[in-house]
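A short worksheet on the structure shown next.
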Amino acid sequence: MTINRKTVEGYILEWVNQKISNEFEFREHQFETIVDIIINILENGNKNYVVEAPTGAGKSLINIIAAGVLAEYFDLTSYILVSDLFLWEQYDKFIQQHKDMNFASIKGQTGNYTCLLNKEDMRNADCKMAGLSWASLFNKSTIDKYGYNCAYRCEYIKARKKALSAKVCLMTYQLFLFTMNNASWNQDNHGNPIFQKHDIIFCDECHNIPGIVQNQYSPIIKRDDFKKLNELYEYAYGNGINDLFEENSQYELIISYSRDALNIELEKIWKQFIKQDSIKKDDVNAMIQYFNILKYFTEVCESITSSISARKNNKLPISKDDIHLFKLCTWFQNYGCFWSDFNQAISEAGEDYLLKDITVVNVDGDIHVSFKCTKEDFIVFKYLLSNANYKVMLSATVGGKEAYDENMGFKYTDDKESDYHVMPSNFDFSKSPIHFLNKFKMSFREKEASFVHIKKIIYSICETKFANERGIIQTGSYAFAKELYNSAPLNIKQRMLLYNGSREKTTCIKIHEISDNTILVGPSLNEGIDLPGDKCRFIIIMKVPYPSLADRLVKEKIKLFPLWYNSTTSNEIIQGIGRGVRFDGDWCVSYILDACFWKLYLDTQDQYSNEFKNRLNII
C-alpha cells in the first residue's frame with residue numbers, strides 16, 4: 001500500500017474532528033510528529049521509533065491520535081502503555097470523555113478492582129471462588145444460570161471484555177508484561193492466548209522501561225513466604241487431597257515429604273540465599289531447587305481452589321478458613337508466576353547475569369532476598385519489544401541515542417537500533433534561567449566540606465530571592481534532606497516540607513499545592529510531579545543524582561552498559577528541572593549547586609537540548 005503524506009494528514013484531521021472535537025487545536029510540532037509516526041509505520045517501516053518530546057508537547061495526545069488513526073483507517077491494533085496509575089488515570093479520563101474513539105482501558109491487574117458481592121479484590125471475587133472463568137462472565141446465559149447478575153455492573157468484567165475486543169487498549173507496563181508473557185494465565189481452555197499481540201505498542205515515559213522491566217522480573221523471597229507454603233502443605237496433607245491425583249503426579253512429590261523434611265529443604269535453600277559472598281553457581285542451584293518446589297505447589301493450589309469451587313456450586317457453606325485458603329492460593333499463583341518468569345529469563349540470558357541482593361528491611365531484622373537479571377537489554381527485548389511488530393516510544397528525556405539503544409536491547413530486533421527524533425520545545429524560557437555554581441563538589445570525598453557552604457547558599461536563596469514563593473530542593477538522599485532541615489534558620493525550617501518515603505511524600509505534595517510559600521525537600525522530586533504556575537517558582541538541585549555505587553545492580557550495569565550511568569544521571573537532572581515550567585508562559589528559576597555537574601554535562605552534552613544550553617548560566 002502506498003500512502004502519501006497529504007492523505008495521512010487528511011485522515012488525522014478527519015479523525016480528530018469526529019472523535020475528539022471540531023474545535024481541537026494542535027500544539028506546535030504535534031501534528032507533524034503524528035504524521036511522521038504514521039508514515040513510518042505504513043511506509044518507512046522502522047520498528048523502533050523513538051521521539052524525545054519536551055514538556056508541553058502533548059505526548060498523550062500524540063499517542064492517542066496516532067493509535068486512533070491507525071486503527072480507524074488502516075485496521076492496525078495498538079496497546080498504549082504508561083508507567084504508573086497516575087498517568088493511566090489521566091489517559092483514562094480523556095478516553096472516558098471521548099467515547100466515540102472506542103478505546104479500551106484496563107487498570108492494572110485484578111487487584112485494582114473490588115468485587116461487588118464479597119468486597120474482596122477481583123482475584124478473590126465471589127465468582128472466582130465459584131470457579132467461573134472471565135470469559136463465561138461475558139455470556140448472558142452463564143450469568144443467569146449461576147446467578148451472577150452483578151457481572152452486568154462489574155467494572156472489571158466490563159473493562160476486560162472491552163479490552164479484548166477494542167483495537168486500541170490502554171494498560172500499565174506492569175499489566176502488559178504480566179499479561180503477554182504469562183502463558184498459564186493468558187490462555188483459554190484450548191491453549192490459545194486470551195489477550196492477543198497487537199501490531200503496535202505506544203510507550204509513554206519510555207525512559208523508565210528498563211527499570212520497570214527489571215522490577216517486574218526481580219522476584220523477592222522472605223521467611224514469611226515459607227509460612228504460607230506450610231499452610232498450603234498442612235491443608236493438602238491433612239485433607240487427603242492426594243486421593244484426587246494419579247500416583248505419578250507431581251503432587252505426590254510434595255505429600256511424600258514429611259512436614260519436617262519439607263522445612264529442612266526450605267531451610268537449606270534459605271541459608272544459601274542469605275549467604276553473603278556466595279558462589280553464583282550455588283545460588284543458581286538453590287534458586288532452581290526452590291522453583292521446582294513451587295511447581296509442585298501449583299498442583300496443590302489447583303486442587304484446593306477446585307475443592308472450594310465445588311462446594312460453593314453445590315450450595316455448601318464456605319467458611320472464613322476457606323476464604324483465607326483461597327486467597328492464599330491466589331497469592332501463590334502470582335508468586336509462582338514471577339518466579340517462573342525469572343527462572344526462564346535467567347536461563348536464557350545466562351547464569352552469569354544472576355545478581356542476588358540481601359536487604360534488612362526493618363528494625364526487627366527481617367531479611368528480604370531479591371534476584372535480578374543484570375542483562376536488562378535482553379529482558380527488555382524478551383518481555384516487551386518482542387510483543388509487538390512496531391514500537392513507538394515517547395519521553396521528555398530519552399537520553400543520548402547510543403546509551404538508550406544500548407540499554408533497551410534494540411540490537412536483538414530486526415532493525416538493530418532506534419529511529420530517533422527530537423521535537424523542539426515551544427516554550428518561552430526567557431524568565432527561567434538555570435544557574436550553575438561551579439565551585440563546591442558534592443562527591444564522596446568532598447561533600448562534607450562542600451555541604452557547609454552549599455547549605456548557606458540554599459538558605460540565602462530561599463530567604464532573599466524567594467521568601468514568598470513555593471519551590472523544590474532536590475537533595476539526592478533522605479540523610480542530606482534531614483541535615484539541611486535540621487540546620488535551617490527557623491523562618492526557613494517552618495516552610496520546609498520534609499518527608500521519609502513515598503506515602504509521606506504524597507502527603508507533603510498535597511500540602512504544598514494549597515500553601516503559600518512552602519518548600520518541598522527530599523530525594524526523588526525529579527519525576528511524576530506536576531507543579532504548574534505559582535506552585536513552583538524555584539528549583540534547587542543540591543547534589544547531582546548519580547545512582548548509588550553501593551547498589552550492586554548499578555555496578556553490574558556500568559560494566560554491561562558503560563554509557564548508562566552518565567546518561568541516566570543527566571536524564572534525572574533534565575527531568576528535575578522540568579518540574580518547574582509546565583506550560584507556555586510559566587516560569588521557574590533553577591539552581592545546580594554541585595560542581596560535579598560540569599564534567600557530567602561535558603560528557604553528555606548531546607542529551608541537553610538547545611533550550612537547556614541557552615538557559616545555562618555558569619557562575
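The values are calculated or read from the model by the stated rules, or taken from the named source; none is laboratory data. Just so it is clear, the structure is predicted and the values come from calculations on it, not from any experiment. Quick reminder, even Gly has a Cβ in these numbers, built from the backbone with ideal geometry, and neighbours come from all protein chains shown. Each accessible area value is taken on the protein alone, full model and side chains, heavy atoms only, with ligands, DNA and RNA left out. Shrake-Rupley method; radii C 1.70, N 1.55, O 1.52, S 1.80 Å.
Highest mean packing comes first when the peptides 143-155, 337-349, 570-582 are listed by Cβ atoms within 10 Å, giving 570-582, 337-349, 143-155.
Rounded to the nearest 0.05, what FRET efficiency do Thr142 and Lys119 give with R0 = 22 Å and r taken as the Cβ-Cβ distance? Could you check? Calculated transfer efficiency: 0.45. Calculated mean residue ellipticity, 222 nm, the chain: -14500 deg cm²/dmol, from DSSP H runs (n ≥ 4) at -39500 (n - 2.57) each, averaged per residue and rounded to 500. Of the peptides 497-509, 450-462, the ranking by mean beta-carbon count within 10 Å, highest at the top, reads 450-462, 497-509. Judged by a Cβ-Cβ distance under 4.7 Å, the unpaired cysteines of the chain are Cys115, Cys127, Cys150, Cys154, Cys169, Cys337, Cys373, Cys462, Cys508, Cys536, Cys588, Cys596.
Report, ordered by chain and residue number, the aspartates and glutamates lying within cross-link reach of Lys222, taken as a straight Cα distance under 14 Å and ignoring same-chain residues fewer than 8 apart. Qualifying aspartates and glutamates at Cα under 14 Å: Glu267, Asp357, Asp364, Asp366.
In percent, rounded to a whole number, the relative contact order of the chain is 17, using alpha-carbon pairs under 8 Å and six or more apart. Charge dipole of region 289-371 (Cα centre as origin; +1 on each Lys and Arg Cβ, -1 on each Asp and Glu Cβ, all else neutral): 660 debye, rounded to the nearest 20.
Carbon-plus-sulfur accessible fraction, the chain (probe radius 1.4 Å, protein heavy atoms only): 48%. Between Thr7 and Lys416, the FRET efficiency from the beta-carbon distance, with R0 = 41 Å, is close to 0.85. The relative contact order of region 469-549 comes to 53 percent, based on Cα pairs under 8 Å that sit 6 or more residues apart. Here the extension length gained between Ile264 and Asp357 equals 31.2 nm, from 0.36 nm per residue of separation less the Cα-Cα distance. Of all DSSP beta bridges confined to the chain, the antiparallel ones make up roughly 20%.
Just going by the charge dipole of region 304-448, with Lys and Arg at +1 and Asp and Glu at -1 on Cβ, which of Phe440, His324, Ser347 is farthest out on the positive end? Going by the charge dipole, the pick is His324. Spacing of the modelled spin labels on Ile511 and Leu616, each 7 Å from Cα toward Cβ, amounts to 3.6 nm. For region 1-43, applying the loop criterion from DSSP together with a ceiling of 13 other beta carbons within 10 Å to the chymotrypsin sites (Phe, Trp or Tyr not before Pro) yields Phe24. Shown here for region 373-451: trypsin sites (Lys or Arg not before Pro) in loop regions (DSSP other than H, G, I, E, B) with at most 13 other Cβ atoms within 10 Å, namely Lys416, Lys431, Lys439, Arg445.
Modelled spin labels at Asn438 and Gln96, positioned 7 Å past Cα toward Cβ, are 5.1 nm from each other.
Taking θ as phi - 60° and the Karplus parameters 6.51, -1.76 and 1.60, the scalar couplings of region 339-353 work out to 5, 5, 4, 5, 4, 5, 4, 6, 5, 7, 6, x, 4, 4, 9 Hz in sequence order, x denoting glycine and proline. Please go through region 1-54 and write out the GluC sites (Glu not before Pro) that DSSP classes as loop and that have at most 14 other C-beta atoms within 10 Å. Within region 1-54, the qualifying GluC sites (Glu not before Pro) (loop, at most 14 other Cβ atoms within 10 Å) are Glu23, Glu25. Here the contact order of region 320-419, divided by its residue count and restricted to Cα pairs under 8 Å and six or more residues apart, works out to 19 percent. Counting only Cβ charges, +1 for Lys and Arg and -1 for Asp and Glu, the dipole size of the chain around its Cα centre is about 1340 debye. Selection among Ile529, Tyr113, Thr475 by position relative to the dipole of the chain gives Thr475 as farthest towards the positive end (Cβ unit charges, Cα centre).
A simple spin-label model places pseudo-atoms 7 Å from Cα toward Cβ; at Ser386 and Lys158 they are separated by 3.8 nm.
Surface analysis of the chain yields an accessible area of 46 Å² per residue, using protein heavy atoms and a 1.4 Å probe.
Quick one: if the Förster radius is 30 Å, what FRET efficiency do Asn182 and Asp366 give, using the C-beta to C-beta distance and rounding to 0.05? The computed FRET efficiency comes out at 0.60.
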